[in-house]
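Reviewing the structure listed below.
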Amino acid sequence: MRPHETRPHQPDADVVVVGNGPIGAVLSVLLAQRGWRVTVLERRPRPYRLPRATSFDGETARLLAATGIGADLGRITEPANGYQWQTAAGEALLDIAFTTSGRYGWPDANTVHQPALEELVAARVAALPEVTVLRGHEVVDIADGDQGARVTVTTDDDTTRVLTTRWVVGCDGANSFVRHHLDVPVTDLGFSYEWLLCDVQPHEPHESTPTNVQICDPARPTTAVASGPGRRRWEFMRLPGEPTADLLKEETAWHLLSPFGVTPRNATLLRSTTYIFQARWADQWRVGHVLLAGDAAHLMPPFAGQGMCSGIRDVVNLSWKLDLVLRGLAPEALLDTYTEERRAQAQEAILASVQLGRVICVTDPEAAAERDATVLANRRGKAPTRPEPARPLTGGLLHGGVAAGAVVPQGRVGVGGEVGLFDDVVGRGFVLLVVDESDAGLGKERLAYLAELGVRVVRVVAGGRVAGVGEVSDVDGVYGGFLAGFGVTGVLVRPDYHVFGAARGVGGLCELVDGLRERLRGVGSVGGVRRAS
């Protein structure tokens, strides 16, 4: 079935998204851009205006750009120049340098005022007629069936309403109704601390170097980060035995901020409140026609800055798989690879965040001194490091072999005088990328199958050459270098930018396409192959 095609007993929506935070909103855009009818159910009558996340990495910026907001991201974000962990004396335990031209075509780290990001995504949602957002609609029941689900909601005026849908995705946060309703088991690592959060707006512009700092002071572990243009956030850990009520006093916030030169004379305290982070994940992310994403599926400490990023990765992974299932090009079992792939990656992010937290949340002076001595001895004389590449997939929908699961980088390419980032010039979705003419040997039947999936077949030529039909010029040498690094001449890239598999020559490329068809259990073919033009 194609988007917009009608069928007997058509449901009210192809997909119901529960929760209109950034994760649910991004999912609704990604599905609507593929033509599917999406209804978003949000219990709050108005948008939540307070920030939670303060930054996202370069890979996430690339994923957000796929929603159509890329041109405006620079207006609401500010690149960070570095992330440093310091001892109480200011010595660097960890030093990561960021660049504005990162591996994925975007700055390595982008600080943001989350409500501004949500407004940008909301404007994109409003421009898509396929999306209906129903505020003041609280989900109270979900009944799964053979062909889809029935979602019962209550509205602000106490009206009860039932919507039918083929799929439900719970993006309804840490206290998810959808997760509780499914009654799926949750793994909780029991790593949890309470922190005081202080959002501050300095009266005068001030650039901090490094932008983001973790102060590993046993007297009071402290975080200082940028939170978008003209804003900063400080966080202070509640000490053992310290009453939360004392932390919540405004004078406490100003007292803790004063050593950083932040006073009522030069800054406005926008908010001070406490929060308790957690480290846990749902063991099951799909039950029948109901799925989980974002904080509904996982929660992690903030020290790696991966909470919202992980949620965005969830829905990017899920959206293209839902599209294939809805189109009848893959069985529902494809959605089990969503859980397999994303749960493993979320677990890695949570475990890494916990490991960082165990370094930071130390209040015993002797233990802190031992930690500092060990870390400083290991890194003495070393230059700042660069951020690690995005986490590869290690299982799921992969062909296997070299490069499989890696996230393909993004550089500039040229076509017909136009030069820009690959995603903007070539387009998004499945891409078969080759550095030779091996695609010419795929044959009509394979090319027709690729066309049915919407695969773009792109030949990359060296940056100094003029790109011909179906070719792009590798302006920055990113793609030639990427393939050469693995010793291959072609890669099949999934819509979430993970490599399905790599190949050398015509024979390897044919095996790659056949492998994708086998994994997806694809059906007939329509249309012609889309090429870069």
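The values are calculated or read from the model by the stated rules, or taken from the named source; none is laboratory data. As the structure is a computational prediction, the values presented were derived from the model and not from experiment. With ideal geometry, Cβ positions are generated from the backbone for all residues, glycine too; neighbour counts draw on all protein chains shown. Remember, those area values only see protein heavy atoms, side chains included, never the ligands or the DNA or RNA. Shrake-Rupley method; radii C 1.70, N 1.55, O 1.52, S 1.80 Å.
Observations on the structure shown:
- Distance between the 7 Å Cα→Cβ label points at ALA245 and ASP283: 4.0 nm.
- An ellipsoid equivalent to segment 217-273, defined through the eigenvalues of its Cα gyration tensor, has semi-axes of 20, 13, 11 Å when rounded to whole angstrom and sorted largest first.
- Per-bin percent of Cα-Cα distances, segment 388-500 [5 Å]: 2, 12, 22, 26, 21, 13, 4, 1, 0
- Solvent exposure of MET300, expressed as accessible area, is near 20 Å², computed with a probe of 1.4 Å over the protein chains only.
- Accessible heavy-atom area order of ARG233, ARG371, ARG412, ARG75, highest first, probe of 1.4 Å: ARG75, ARG412, ARG371, ARG233
- Spherically averaged projected area in nm², based on the convex hull that wraps the Cα atoms of the chain: 26.5
- Kirkwood-based Rg to Rh ratio, segment 298-361, C-alpha trace: 1.14
- For VAL499, solvent-accessible area (1.4 Å; no DNA, RNA or ligand), Å²: 0
- Mean accessible surface per residue for the chain, computed with a 1.4 Å probe while every protein chain stays in place, in Å²: 42
- Here the gap between ASP146 and THR394, fully extended at 0.36 nm per residue and compared with their Cα-Cα distance, gives a gain of 86.1 nm.
- Computed accessible area, ILE350, all protein chains, 1.4 angstrom probe, square angstrom: 0
- Rg and Dmax over the alpha-carbon atoms of segment 181-233 stand at 16.7, 50 Å.
- Ranking LYS249, LYS321, LYS444, LYS382 from most to least accessible surface, computed with a 1.4 Å probe over the protein chains only, gives LYS444, LYS382, LYS249, LYS321.
- Per the Debye formula on identical point scatterers at the alpha carbon atoms of segment 49-95, with no solvent, log10 I(q)/I(0) at q = 0.20, 0.22, 0.23 Å⁻¹ is -0.80, -0.87, -0.91.
- Longest stretch of the chain clear of exposed loop sites (GluC sites (Glu not before Pro), DSSP loop, at most 16 other Cβ atoms within 10 Å, sites excluded): 208-436.
- Charged neighbours of ASP72, selected by a Cβ distance under 12 Å, balance to +1 (K, R count +1; D, E count -1).
- Placing a pseudo-label 7 Å from each Cα along the Cα-to-Cβ vector at GLU194 and GLN10 gives an inter-label distance of 5.3 nm.
- Per-atom-type breakdown for the chain gives carbon and sulfur 50% of the accessible area (1.4 Å probe, protein chains only).
- DSSP-defined beta bridges in the chain - what % are antiparallel, rounded to 5: 70
- Largest to smallest in accessible area, the residues TRP281, TRP167 fall in the order TRP281, TRP167 (1.4 Å probe, all protein chains included).
- Size descriptors for segment 337-391: radius of gyration and Dmax over Cα atoms are 15.6, 46 Å.
- Relative frequency of Cα-Cα separations exceeding 16 Å in segment 10-107, percent: 68
- Kyte-Doolittle mean at least 0.0 and Cα axial length at least 27 Å: DSSP H helices in the chain: 307-326
- Relative frequency of Cα-Cα separations exceeding 12 Å in segment 414-461, percent: 66
- Take every pair of alpha-carbon atoms less than 8 Å apart whose residues are at least six positions apart; their mean separation over the length of the chain yields a relative contact order of 14 percent.
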